[in-house]
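All remarks here apply to the structure that follows.
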């Protein structure tokens, strides 16, 4: 259990999603798998409907006081309306690389880009040792911001997430693996 | 005639006792100590609670817990509706935690270092009833005890080396 940040990363990615089209009527399940080479293995399998209910409990601490709180209650915050404006600007830019950061010391390259219906976050280590892949469907972020003022539409975002099948988040490095995916099996 | 009435009364009482729900607490402090088994008829426990003042049977919950009550009730409903599944599995060295849904029961299994073992079999109906019994942020002990009627079999079993505690409802 030494690598709680990795677990937190996996779980915090519940809101993020990716690419495949909507499945028919079958109920979607969210799976989280965190495996450390010499440590804990955590597997979570829950229906997405249960995640939606659980999100209500998380809603207040994360979206407290009409702000998106980053880094906990005492962390920095961003007004929802400002985040919505930023998102509109980014969306209007179309397919492009928003951010590319190369850290020569560590050897990591971080890219955030828009590719069609997805916003993709990629982190690639120097010799393929570290890999992070996060795919956020544009429709999901649209749904999240589809409300007025300082409100976030978490229900709408989960509905969008329920249309997805396949990997949502994948993090791999030398010692740890995190995978978040959605399918129709328990 | 009197013998017939007495016999019928005894039979009725026997049948009543047999059909009653019992909470059985089984404690074995260690290998050498005597084993203690306490069967308590649930009806008797409920009757005994009638002699406890109301104010002592209502347990106030703190504000944080109150806020999460509606969500907890919804979660219980979702748990009831979902099919059987391994919900959470955590393995860390010799420690494991497993939470699963099997039928109407939420199973929690904790193993630690090969010595400690906690098994909880929580009937989801029982959980829902207890959550419903917490009206405006106050746990109603009477309703919580009555909720045990929904349970059957071993509810909690804890082993720590030679120590052993088991709570069952029959």
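The values are calculated or read from the model by the stated rules, or taken from the named source; none is laboratory data. Keep in mind it's a predicted model, so treat the numbers as computed, not measured. Note that each Cβ is placed from the backbone with ideal geometry, even for glycine, and that neighbours are counted across all protein chains shown.
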Which of the residues belonging to the stretch A:163-186 are farther than 25 Å from residue A:123 by Cβ and away from chain B (no Cβ under 14 Å)? A:163
If I go through the stretch A:119-143 residue by residue, how many of them are assigned to a strand (DSSP E or B) and without any contact (Cβ under 8 Å) to a residue 12 or more places away in the chain? 0
Give me the residue from the stretch A:76-95 that is touching a strand residue (DSSP E or B) at 6+ places or on another chain (Cβ under 6 Å) and loosely packed, with under 13 Cβ neighbours inside 10 Å and, out of that set, nearest to residue A:123 (Cα to Cα). A:95
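Is at least one residue of the stretch B:104-120 within 10 Å of the chain's Cα centre (by Cα) and touching a residue at least 60 places away in the same chain (Cβ under 8 Å)? Before the answer, list the steps.
Start the filter on the stretch B:104-120 by keeping residues that are within 10 Å of the chain's Cα centre (by Cα), which leaves B:120.
Retained after the next criterion (residues that are touching a residue at least 60 places away in the same chain (Cβ under 8 Å)): none.
Scanning the stretch B:104-120 turns up no residue that is within 10 Å of the chain's Cα centre (by Cα) and touching a residue at least 60 places away in the same chain (Cβ under 8 Å).
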Assuming residue B:159 fulfils every condition listed in (1) at pLDDT 90 or above; (2) outside any strand (DSSP E or B); (3) farther than 19 Å from residue A:53 by Cβ apart from one, which condition is it? (2)
Elements of type helices (runs of 4 or more DSSP H) in the stretch B:40-137, at least 1 residues being away from chain A (no Cβ under 14 Å), more than 30 Å from residue A:39 (Cα to Cα) and modelled with pLDDT under 90: B:42-49, B:124-133
Under the condition of being closer than 25 Å to residue A:138 by Cα and touching a helix residue (DSSP H, G or I) at 6+ places or on another chain (Cβ under 7 Å), which residue from the stretch A:163-181 is modelled with the lowest pLDDT? A:168
Can you tell me which residues in the stretch A:96-114 are out of contact with any helix residue (DSSP H, G or I) (no Cβ under 8 Å at 6 or more places or on another chain) and surrounded by 13 or more Cβ atoms within 10 Å (Cβ to Cβ)? A:107, A:108, A:109, A:110, A:111, A:112, A:113
Working only within the stretch B:86-129, note down all residues that are under 19 Å from residue A:48 (Cβ atoms) and surrounded by fewer than 17 Cβ atoms within 10 Å (Cβ to Cβ). B:86, B:88, B:100
So residue A:149, is it in contact with a helix residue (DSSP H, G or I) (Cβ under 9 Å, 6 or more places away or on another chain), part of a loop (DSSP other than H, G, I, E, B), loosely packed, with under 13 Cβ neighbours inside 10 Å and at positive phi: yes
Name the strands (runs of 3 or more DSSP E) wholly within the stretch A:1-118 that hold at least 1 residues that are at pLDDT 80 or above, under 30 Å from residue B:96 (Cα atoms) and under 17 Å from the mean Cα position of the chain (by Cα)? A:29-36, A:41-47
